[in-house]
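Worksheet for the structure shown next.
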């Protein structure tokens, strides 16, 4: 985690080697996450490219107080996907029949999309990091706990509290 922060600092100073290292460490898992959302490899690769372009351009805007470097990266990915929804671009053309109604609802309802975004923003930084890694990022609970340097039970509690909080916000 500290190493990722140092890499982002070096990227902010224009280090191509640091960027390459950060990319090699995280591109595969990020692609997996975006692929699970989009169900389309070509589209997922495009989104991952957009995310890493944003990382290159905006690494100086990362601040550790906002969360871990990985949580920041997944937030960028989530925002890129939300931006696609808002522009009416396809997000999950390969989704199953069961998933399409839910995805269509989110895509067709900018208010729902915004509500989900606000619900995530309403979480504490610790809860948001846990959700972004373990729920949105595709990390196992064990991997997310290791990344965040917290006990597994703490991570699970953060996720449970975050989901409860989000559910309450979304049902208001």
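The values are calculated or read from the model by the stated rules, or taken from the named source; none is laboratory data. These numbers were taken from a predicted model, which means no experiment stands behind them. No Cβ is skipped: glycine too gets one built from the backbone with ideal geometry, and neighbour counts run over all protein chains shown.
Looking only at residues of segment 111-140 that are loosely packed, with under 13 Cβ neighbours inside 10 Å and assigned to a helix (DSSP H, G or I), we find that the one that is modelled with the lowest pLDDT is 111.
Taking the criterion of being touching a residue at least 24 places away in the same chain (Cβ under 8 Å) and either surrounded by 17 or more Cβ atoms within 10 Å (Cβ to Cβ) or within 22 Å of residue 3 (Cβ to Cβ) (or both), the residues of segment 151-164 that qualify are 155, 158, 159, 162. Taking (1) surrounded by fewer than 22 Cβ atoms within 10 Å (Cβ to Cβ); (2) under 21 Å from residue 134 (Cα atoms) in turn, residue 47 satisfies each apart from (1). Scanning segment 59-67 turns up at least one residue that is outside any helix (DSSP H, G or I) and at pLDDT 85 or above.
The sole residue among 27, 54, 71 that is closer than 20 Å to residue 126 by Cα and in contact with a helix residue (DSSP H, G or I) (Cβ under 7 Å, 6 or more places away or on another chain) is 71.
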